[in-house]
Amino acid sequence: MFQDFTLDENVEELYEMAPCGYLTTTIDGRIIRVNRTLAEWLGYSREQLTCGKRFVDLLTVGGRIFYDTHFNLLLRMQSTVNEIALDIVCQDGTVLPTLINARQKRDETGEPVFNRLTIFNSSERRMYERQLLAARDLFETTLSSIGDGVIATDAAGQVTFMNPVAELLCGWKVDTAAGKPIEEVMVLAREDNGELVENPVTHALRTGETVGLANHTILVSRDGRMVAIDDSASPIRDANGNVVGGVLVFRDVSEARRNQKALDNAYRQLEAVAAELRRSNENLSQFAYVASHDLRSPLNTVSSFVQLLEREYGDKLGDGKQLLGFVTDATRRMATLIEDLLQYARVSADTEPKRAAVDSNAAVKVAVENLRGIMDRAGATVEWEHLPTVSISETSLVQVFQNLIGNAIRYRSADPPLIRIQAKDDGEASLFSVEDNGIGIAPEHRTIIFEPFKRLHSAEVPGSGIGLAVCNRIIEQYNGRIWVEAAPNQGSIFYFTIPKQLLAG
Ligand code: ADP
């Protein structure tokens with residue numbers, strides 16, 4: 001089939017259907033031949049174009065002037081012009097942007113015979129150009145409006161761009177800074193000793209690496225202001241990966257730095273106060289320990305003498321014997337109080353509590369054995385099963401259980417005391433509960449009962465108000481928490497946690 005075409009037919013077709021326009025004019029510019037592509041672009045029929053129209057008549061006003069003053073002259077002088085941008089007006093009035101190459105044909109004597117123009121449709125290219133400009137505008141607007149300073153350099157480290165924030169912080173205008181080395185425009189020093197430091201862009205250009213945030217850098221502006229900054233610099237690479245420049249993004253962190261300093265100071269002050277508090281607490285517990293310890297022996301002397309008095313002179317005392325009974329009771333209460341106080345002082349003074357893997361089933365068992373007497377008298381039952389192993393001192397855990405079980409018995413209701421101890425895994429800690437069927441506690445007292453010497457009962461129930469304070473102190477020492485959920489006449493549930501991670505430590 002192909003061989004049916006003659007070469008002329010092929011050439012003809014190529015001419016007509018080429019992806020560019022072809023136009024031939026006489027030397028004075030009248031159109032004598034035009035290909036189909038161009039006629040279609042312009043919306044004219046071939047006849048309309050070749051009936052004496054001049055090429056220059058197709059141009060915009062500006063294009064006509066340019067054609068007459070440059071295009072035509074150049075063509076005459078050089079016989080050829082290349083890539084001249086001219087806008088052609090189509091039949092419907094729209095404008096077609098084009099790039100034109102032209103050649104003047106001459107005869108053997110050198111006389112010009114006609115002009116041949118090749119016309120490229122550059123409307124797509126124009127669109128890309130516009131998009132590119134819009135993208136550049138957007139990029140520049142973004143860089144101008146962001147809160148960070150941005151400076152770009154060429155591969156030699158000379159400033160090519162600064163956004164307004166960078167201008168403000170460095171004290172340079174981009175017009176004067178452009179072409180200057182970045183080390184001159186952006187002077188950086190160490191915050192602690194004022195020593196000059198290398199600009200991160202210079203580093204990035206030298207190593208080809210992104211330089212991360214440098215801490216404690218001061219920017220010394222052109223007018224001598226000092227601003228604390230954080231910065232990061234990256235090399236800019238072309239499509240082949242060659243470093244063609246660098247960019248530095250930085251921000252004023254003076255405010256943040258000041259806040260951090262204030263925070264550090266406040267923290268240091270708080271630490272000092274806490275240390276002072278710890279010291280005075282230790283002194284206080286020491287004092288409580290010594291005082292209660294020293295009170296024990298005169299009290300022992302008083303009770304021994306009262307017992308002696310009762311034994312030797314009891315019969316002769318008459319009503320006085322009852323008074324002696326009051327003294328005995330009072331000394332017994334005082335002995336309990338001193339004993340409790342000693343216990344609390346001892347726990348409080350223990351700043352580094354001991355730890356071991358303690359089976360809490362065994363600890364409950366010891367506490368129950370210790371309380372056997374009052375349990376039997378009250379007809380109390382304690383139930384527990386499958387309690388976990390925790391990291392704590394065994395004596396302390398026994399003390400906690402003993403206080404909680406003892407309280408559950410002392411603050412019992414009319415029913416025989418039933419105490420249930422359970423534990424569950426609460427993720428980070430073991431959560432214990434000690435539940436009783438006693439008189440319960442009013443909501444407003446749930447917190448205060450953990451403070452030392454805080455009691456809800458007078459002497460009708462013996463006690464010193466220390467037991468729960470001791471439990472609280474012990475659990476706190478192991479970074480746990482203790483609290484109660486209770487309501488009057490509905491029993492109480494005491495909860496406490498023992499953090500698990502301590503087992504590992
Ligand atoms: P004490 O028992 O020596 O008074 P605690 O510190 O052990 O001191 O207890 C403080 C107060 O909390 C008690 O006086 C009592 O009123 C209340 N309390 C403690 N445990 C219970 C309980 N299981 N049921 C009801 N009230 C309780």
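Residues in the range 383-392 that are open to solvent by 20 Å² or more (accessible area, probe 1.4 Å) and at negative phi: GLU383, TRP384, GLU385, PRO388, THR389.
Every test in (1) surrounded by 12 or more Cβ atoms within 10 Å (Cβ to Cβ); (2) farther than 30 Å from ARG30 by Cα; (3) more than 35 Å from the chain's Cα centre (by Cα) is passed by ARG125 save one, and that test is (2).
With the requirement that a residue be open to solvent by less than 60 Å² (accessible area, probe 1.4 Å) and either touching a His at 6+ places or on another chain (Cβ under 6 Å) or free of Cβ contacts under 8 Å to residues at least 60 places away in the same chain (or both), what does the range 466-481 give you?
Those that are open to solvent by less than 60 Å² (accessible area, probe 1.4 Å) and either touching a His at 6+ places or on another chain (Cβ under 6 Å) or free of Cβ contacts under 8 Å to residues at least 60 places away in the same chain (or both): ASN472, GLY480.
For the structure I just gave you, tell me whether ASP436 is at pLDDT 90 or above, among the charged types (D, E, K, R) and surrounded by fewer than 18 Cβ atoms within 10 Å (Cβ to Cβ). Judged against the criteria, ASP436 is not a match. Being closer than 30 Å to ALA18 by Cβ and either free of Cβ contacts under 8 Å to residues at least 60 places away in the same chain or open to solvent by 60 Å² or more (accessible area, probe 1.4 Å) (or both) holds for only one residue in LEU132, LEU117, LEU143, and it is LEU132.
Count of the range 263-289 residues, restricted to those that are within 18 Å of ALA335 (Cα to Cα) and open to solvent by less than 70 Å² (accessible area, probe 1.4 Å), is 1.
Check every one of the strands (runs of 3 or more DSSP E) wholly within the range 366-474 and list those with 3 or more residues that are more than 16 Å from the ligand (Cβ to nearest atom).
Output list reads 389-392, 418-425, 429-435.
Only residues that are open to solvent by less than 60 Å² (accessible area, probe 1.4 Å) and outside any loop (DSSP other than H, G, I, E, B) were counted across the range 182-202, and they come to 8. Exactly one of (1) modelled with pLDDT of 80 or more; (2) surrounded by 12 or more Cβ atoms within 10 Å (Cβ to Cβ) is unmet by ASP315. Its number? The one condition ASP315 does not meet is (2).
Report yes if some residue within the range 76-91 is of a type in the set (Ser, Thr, Tyr), out of contact with any Ser or Thr (no Cβ under 9 Å at 6 or more places or on another chain) and farther than 22 Å from GLU40 by Cα; otherwise report no. Yes, the range 76-91 contains at least one residue that is of a type in the set (Ser, Thr, Tyr), out of contact with any Ser or Thr (no Cβ under 9 Å at 6 or more places or on another chain) and farther than 22 Å from GLU40 by Cα.
In the range 329-369, which residues are closer than 30 Å to THR301 by Cβ and surrounded by fewer than 16 Cβ atoms within 10 Å (Cβ to Cβ)?
Let us first name the residues in the range 329-369 that are closer than 30 Å to THR301 by Cβ, namely 329-350.
Result: ASP329, ALA330, ARG332, ARG333, THR336, GLU339, ALA349, ASP350.
Taking the condition more than 60 Å from the chain's Cα centre (by Cα), of a type in the set (Lys, Arg) and not in a helix (DSSP H, G or I), does ARG116 pass? Yes; evaluated as a whole, the condition is true for this residue. I'd like to know if the range 214-231 contains one or more residues that are modelled with pLDDT of 90 or more and more than 30 Å from ASP192 (Cβ to Cβ). No, there is no match, as no residue in the range 214-231 is modelled with pLDDT of 90 or more and more than 30 Å from ASP192 (Cβ to Cβ). Within the range 219-254, the set of residues being open to solvent by 10 Å² or more (accessible area, probe 1.4 Å), farther than 23 Å from ALA155 by Cα and in a loop (DSSP other than H, G, I, E, B) comprises ARG222, ASP223, GLY224, ARG225, VAL253.
Restricting attention to the range 296-310, the residues that are open to solvent by 80 Å² or more (accessible area, probe 1.4 Å) and among the hydrophobic types (A, V, I, L, M, F, W, C) add up to 1. Applying the set (1) modelled with pLDDT under 95; (2) open to solvent by less than 20 Å² (accessible area, probe 1.4 Å) to GLY373 leaves exactly one unmet item: (2).
Within the range 119-159, can you find the residues that are among the aliphatic types (A, V, I, L, M) and part of a loop (DSSP other than H, G, I, E, B)? Full working, then the answer.
Pass one, the range 119-159, residues among the aliphatic types (A, V, I, L, M): 119, 127, 132-135, 138, 143, 146, 150-152, 155-156, 159.
Correct list: ILE146, ALA155, ALA156.
Of the numbered criteria (1) more than 25 Å from ASP230 (Cα to Cα); (2) in contact with a Gly (Cβ under 9 Å, 6 or more places away or on another chain); (3) in a helix (DSSP H, G or I), the one ALA166 fails is (1). Tallying residues that are open to solvent by 20 Å² or more (accessible area, probe 1.4 Å) and either more than 19 Å from ASN437 (Cβ to Cβ) or away from the ligand (no atom under 11 Å from the Cβ) (or both) within the range 483-496 yields 3.
The values are calculated or read from the model by the stated rules, or taken from the named source; none is laboratory data. Only a predicted model underlies this, so the values are computations on that prediction, with no experimental measurement involved. We place every Cβ from the backbone using ideal geometry, glycine too, and count neighbours over all the protein chains shown. Keep in mind that these areas ignore ligands, DNA and RNA; they rest on the heavy atoms of the full protein, side chains included. Shrake-Rupley method; radii C 1.70, N 1.55, O 1.52, S 1.80 Å.
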